[in-house]
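*Asks:* I have a structure I would like to understand better, so I am pasting it below and will then ask my questions one at a time.
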Amino acid sequence: MSLVITSSTINCRSFSLSRPFPSWINGDNSPSLLGEIPAAFSRRSSAIFLTRVSCAKNPDDYHSTLKSLNSRGRFPRKSLGQHYMLNSDINDQLVSVADVKEGDFVLEIGPGTGSLTNVLLNLGATVLAIEKDPHMVDLVRERFAGCDKFKVLQEDFVKSHIRSHMLSVFENRGDQDFALAKVVSNLPFNISTDVVKLLLPMGDIFSQVVLLLQDEAALRLVEPALRTSEYRPINILVNFYSEPEYNFRVPRENFFPQPKVDAAVVTFKLKHPKDYPDVSSTKSFFSLVNSAFNGKRKMLRKSLQHLSSSPEIEKALGVVGLPVTSRPEELTMEDFVKLHSVIANE
């Protein structure tokens, strides 16, 4: 079986929320944030419910998500990149792309109200969630209390020692007859690049990373064109450590608050370390790549002068079949691997 980590938790007991809803949720015409919510959602039934069962049953909808936020008096925080999913069908599609099955172990980043977590638990996955917002941590802990397949840690993911957390999970499971874990997350938009950089080199722990990102960011990561300004070092990193795939677009109307751009689901099928491109040192390889792009408008024989002299760089380019006037945006990941090999052996 495989391991899946999510960002939401499951509450196994029925409950009611004591705080009254503000008028904008109850549906009257007083000034509110409702204008930010898609009209298609605002026309839905005003019946609002959220139940906790064993471990998860009812899917989260527009009303239950807003009710969860209101129960804590919380509104999405721009500083945390919080945009909450209002369409449970999107969560179903996200989990389907990840092929989550019973017995999987999933890591979720930023579970929010636990709507995606709920879907993961319903499928029989065990979920480890990492959440920075203490109010959301309390919410999902309460919601999924009593469910032994869920755990949430209050941490900033980009500062979290996720490898240590995962190794502890592996050790505590006892049996070794299971597949690698998965990452499935409706990711806070403002940390997407940092998350990708942290997770993709973990092919010894995760089999795949399935993320909901800003659509523009997703396209830049998966489908960058050579000789364009969108081609950057992270594209080399993505293809070095994974096989990326753009799955489907998610219109901005599915979120609260509504972002200024659409989102998209992307799958990164991680390579196992034994299958990484053959370089003598990943550290020196990416040092070369970053140095090359630091002088993006410069030819490589200029931007890499701190590694070798210009004549030596020109010679190395010739050895790998590239023009001596090559610039970084003209090289594929394979080209950089070959160039690094020649320079490292000089």
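The values are calculated or read from the model by the stated rules, or taken from the named source; none is laboratory data. Everything quoted here is computed from the prediction, not taken from an experiment. Glycine gets a Cβ as well: all are built from the backbone with ideal geometry, and neighbour counts include every protein chain shown.
*Asks:* Taking the range 276-294 as the region of interest, how many residues are free of Cβ contacts under 8 Å to residues at least 12 places away in the same chain and either within 14 Å of GLU329 (Cα to Cα) or of a type outside the set (S, T, N, Q) (or both)?
*Replies:* 2
*Asks:* Mind checking whether some residue in the range 150-166 is within 19 Å of LEU270 (Cβ to Cβ), among the charged types (D, E, K, R), touching a Ser or Thr at 6+ places or on another chain (Cβ under 8 Å) and not in a loop (DSSP other than H, G, I, E, B)?
*Replies:* No, every residue in the range 150-166 fails to be within 19 Å of LEU270 (Cβ to Cβ), among the charged types (D, E, K, R), touching a Ser or Thr at 6+ places or on another chain (Cβ under 8 Å) and not in a loop (DSSP other than H, G, I, E, B).
*Asks:* Report, by residue number, each residue of the range 308-339 that is more than 19 Å from LEU237 (Cβ to Cβ) and among the aliphatic types (A, V, I, L, M).
*Replies:* Of everything in the range 308-339, those that are more than 19 Å from LEU237 (Cβ to Cβ) and among the aliphatic types (A, V, I, L, M) turn out to be ILE313, ALA316, LEU317, VAL319, VAL320, LEU322, VAL324.
*Asks:* Would the range 305-312 turn up any residue that is surrounded by 13 or more Cβ atoms within 10 Å (Cβ to Cβ), part of a loop (DSSP other than H, G, I, E, B), touching a residue at least 12 places away in the same chain (Cβ under 8 Å) and not assigned by TED's automatic domain parsing to the domain that holds ASP204?
*Replies:* yes
*Asks:* Say we look at the range 123-173 and pick out the residues that are of a type in the set (A, V, I, L, M) and out of contact with any strand residue (DSSP E or B) (no Cβ under 6 Å at 6 or more places or on another chain); which of these is nearest to PRO111 (Cα to Cα)?
*Replies:* Among residues in the range 123-173 that are of a type in the set (A, V, I, L, M) and out of contact with any strand residue (DSSP E or B) (no Cβ under 6 Å at 6 or more places or on another chain), the one nearest to PRO111 (Cα to Cα) is MET136.
*Asks:* Across the range 202-228, which residue is farthest from GLN258 (Cα to Cα) among those that are in contact (Cβ under 8 Å) with a residue 60 or more places away in the chain and not aliphatic (A, V, I, L, M)?
*Replies:* Taking the candidates together, the pick is ASP204.
*Asks:* Give me the helices (runs of 4 or more DSSP H) completely within the range 208-295, filtered to those with at least 3 residues that are surrounded by 18 or more Cβ atoms within 10 Å (Cβ to Cβ), at positive phi and not assigned by TED's automatic domain parsing to the domain that holds THR117, ordered by residue number.
*Replies:* none
*Asks:* Right, another one. Is it the case that GLU329 is part of a helix (DSSP H, G or I), modelled with pLDDT under 95, of a type outside the set (Lys, Arg) and in contact with a helix residue (DSSP H, G or I) (Cβ under 9 Å, 6 or more places away or on another chain)?
*Replies:* yes
*Asks:* Might you let me know whether the range 81-93 holds any residue that is closer than 21 Å to PRO244 by Cβ, touching a Ser or Thr at 6+ places or on another chain (Cβ under 9 Å) and among the hydrophobic types (A, V, I, L, M, F, W, C)?
*Replies:* No, that holds for no residue.
So that you can scan it fast, the table gives a plain yes or no per residue for (1) in contact with a Lys or Arg (Cβ under 8 Å, 6 or more places away or on another chain); (2) of a type in the set (Gly, Ala, Ser):
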{"residue": "TYR231", "(1), (2)": "no, no"}
{"residue": "PHE256", "(1), (2)": "no, no"}
{"residue": "PRO259", "(1), (2)": "yes, no"}
{"residue": "PRO273", "(1), (2)": "no, no"}
{"residue": "VAL279", "(1), (2)": "no, no"}
{"residue": "GLY295", "(1), (2)": "yes, yes"}
{"residue": "SER309", "(1), (2)": "no, yes"}
{"residue": "VAL324", "(1), (2)": "yes, no"}
